1. Which one of 14, 113 is of a type outside the set (A, V, I, L, M), modelled with pLDDT of 85 or more and within 30 Å of residue 290 (Cα to Cα)?
2. Is it the case that residue 246 is over 21 Å from residue 142 (Cβ atoms) and either in contact with a Lys or Arg (Cβ under 7 Å, 6 or more places away or on another chain) or among the aliphatic types (A, V, I, L, M) (or both)?
3. Could we say that residue 261 is within 30 Å of residue 133 (Cα to Cα) and crowded, with 20+ Cβ neighbours inside 10 Å here?
4. Using beta carbons and a limit of 7 Å, which pairs, at least six apart or on different chains, have the first residue in the range 101-121 and in a strand (DSSP E or B) and the second one modelled with pLDDT under 90 and not hydroxyl-bearing (Ser, Thr, Tyr)?
5. Return yes or no: is residue 234 surrounded by fewer than 13 Cβ atoms within 10 Å (Cβ to Cβ) and closer than 26 Å to residue 140 by Cα?
6. Would you point out which residue out of 172, 222 is assigned to a helix (DSSP H, G or I) and aliphatic (A, V, I, L, M)?
7. Testing residue 243 on (1) crowded, with 17+ Cβ neighbours inside 10 Å; (2) out of contact with any Asp or Glu (no Cβ under 6 Å at 6 or more places or on another chain); (3) at pLDDT below 95; (4) assigned by TED's automatic domain parsing to the domain that holds residue 135, one condition comes back false. Which one is that?
8. One residue is enough: does the range 287-295 have a residue meeting the conditions more than 30 Å from residue 248 (Cβ to Cβ), assigned to a strand (DSSP E or B) and of a type outside the set (Val, Ile, Thr)?
Amino acid sequence: MTSSLISVLRPPRFELRQIRAFVCVADELHFGRAASRLFTTQPALSRTIRSLEDIVGHRLFVRSTRKVRLTPAGEAFAAECRLALAHLELASTAAQNADPAGKSRLRIAYMDFAINGRLPRIIQAFRAREPNVFLDLDYLSTAAQHVALIAGRIDLGFMVDEFKTPKVRNLLVDEDDYVVVLPEDHRLASRESIRLSEIAREPFVIGNEEMFSRFRSMLFDLCYTAGFFPDVVQEASNSNGIMGLVAAGTGITIYASSVRSIQRSGVVIRPLSDVNSRIPIYAASLADHPSPALQRFLDITAEHSGRRPDW
């Protein structure tokens, strides 16, 4: 076999440091910031990327004095590299969690709507059936869950809306109605239901961008369809903060119907009679995640959600 044929058949050999450097630049789209994150110099980082491009056989970035962007080849390569790094993280976690008694660990992230909905009952059911599995529970926004899931820092995320990305599987767990939450002395508090147009001029309290970015987008679309944009006078980072501000008379809010599970004095919750859309809550995980414990957790989640998974 000739040396040229051997070079064609031999798979490209990447070093882990090259892949981590590439992903860092792909995330930052700025060589200076990426170099700072990697504790290296910008010229050294540039050499690493050029070496990687030589191995791959394609340009991965388009660089100019003002801007850095991924080429189509770079975008495809970045997606697979992120998944590869995620699987390395999973492998490391599996080794760390290996226990001679057969115990394992699942890292689960959740946001407000999930923990106020079916998730507590799912967790109770799983712990009853799988006492040897430790559950690490972490409160993360939907956007943060996306990043953590792809990076391999969590095994499962309960989030708003479907995570539409390759190699991630989604299970619809719940669908919440939109409701309006009012101070108990509000002029509309005695009504059995309220139309969205009736609160168009009200001051709004909503979740902040860091923790509620996906829901904010859905809420703004809902209001825009009704012909107005909410007058946001105050923001908070969690359900308790939002409900407390409403109870204090700061404003009203539109929220998920799972908020009814929160015992809070000073507020009333009313359905929106002219809103038919709902807020979907999904459980998302990497499709090829190797954990049997994760599969058992998803099976129990499917049982409690009353939906048949598509895997």
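The values are calculated or read from the model by the stated rules, or taken from the named source; none is laboratory data. Everything quoted here is computed from the prediction, not taken from an experiment. FYI the Cβ positions are ideal-geometry reconstructions off the backbone, even for glycines, and counts take in every protein chain you see.
1. Details: 14 fails: modelled with pLDDT of 85 or more.
That would be 113, the only listed residue that is of a type outside the set (A, V, I, L, M), modelled with pLDDT of 85 or more and within 30 Å of residue 290 (Cα to Cα).
2. On the way: over 21 Å from residue 142 (Cβ atoms): yes; either in contact with a Lys or Arg (Cβ under 7 Å, 6 or more places away or on another chain) or among the aliphatic types (A, V, I, L, M) (or both): yes.
Yes, satisfied.
3. Working: within 30 Å of residue 133 (Cα to Cα): yes; crowded, with 20+ Cβ neighbours inside 10 Å: no.
No, not satisfied.
4. What qualifies is 104/97; 105/97.
5. Numbers: surrounded by fewer than 13 Cβ atoms within 10 Å (Cβ to Cβ): no; closer than 26 Å to residue 140 by Cα: yes.
Against the criterion (surrounded by fewer than 13 Cβ atoms within 10 Å (Cβ to Cβ) and closer than 26 Å to residue 140 by Cα), residue 234 does not qualify.
6. Details: 172 fails: assigned to a helix (DSSP H, G or I).
Only one candidate passes the filter, namely 222.
7. (4)
8. The initial filter retains those residues of the range 287-295 that are more than 30 Å from residue 248 (Cβ to Cβ), namely 287-295.
Next, only the ones that are assigned to a strand (DSSP E or B) stay: none.
No.
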